[in-house]
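What follows is a set of notes on a single structure, which appears directly below.
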Amino acid sequence: VQLQASGGGLVQPGGSLRLSCVASRSIFSIAGLAWYRQAPGKQRELVAGITSGMKTNYKDSVKGRFTISRDNGKNAVYLQMNSLKPEDTAVYYCNAVLSDWSEYWGQGTQVTVSS
């Protein structure tokens with residue numbers, strides 16, 4: 001599975017961005033899709049995840065601001081990010097885990113929150 005992420009950029013604090021990740025094959029049966037992020041000098045961390053049954057989970061610091069969704073018809077997963085803060089600055093990666101537990105990563109998209 002190849003994952004192509006897009007939608008990052010430079011935004012002012014309080015602004016919004018929508019990240020997209022399109023898969024090279026049907027995501028209908030993909031067990032889990034997620035967004036991770038990695039800030040300079042820090043470990044990669046889970047931001048949000050969504051299962052094939054549409055159950056979602058979020059990192060505490062983004063709850064109420066970020067929304068993850070998936071569109072099986074478009075083979076895509078999205079991350080709507082609102083009320084962005086400077087501490088959200090990072091490279092964001094999409095991730096897919098298949099039913100056999102094999103794992104795939106997108107190439108990353110830079111999100112910079114700065115005035």
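Overview of results
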read-out: Spatially proximal aspartates and glutamates relative to LYS85 (Cα-Cα < 16 Å; intrachain offsets below 8 disregarded); value: ASP60
read-out: Cut-off under 5 Å, modelled amide H: who pairs with GLY32 long-range; value: VAL97
read-out: Probe 1.4 Å, accessible area per residue of segment 11-76, Å²; value: 54 Å²
read-out: Segment 11-115, relative contact order [Cα under 8 Å, separation at least 6], %; value: 36 percent
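The values are calculated or read from the model by the stated rules, or taken from the named source; none is laboratory data. Quick caveat: nothing in here was measured; it's all calculated off a predicted structure. Please note that ligands, DNA and RNA were not included when accessible areas were found on the heavy atoms of the full protein model with its side chains. Shrake-Rupley method; radii C 1.70, N 1.55, O 1.52, S 1.80 Å.
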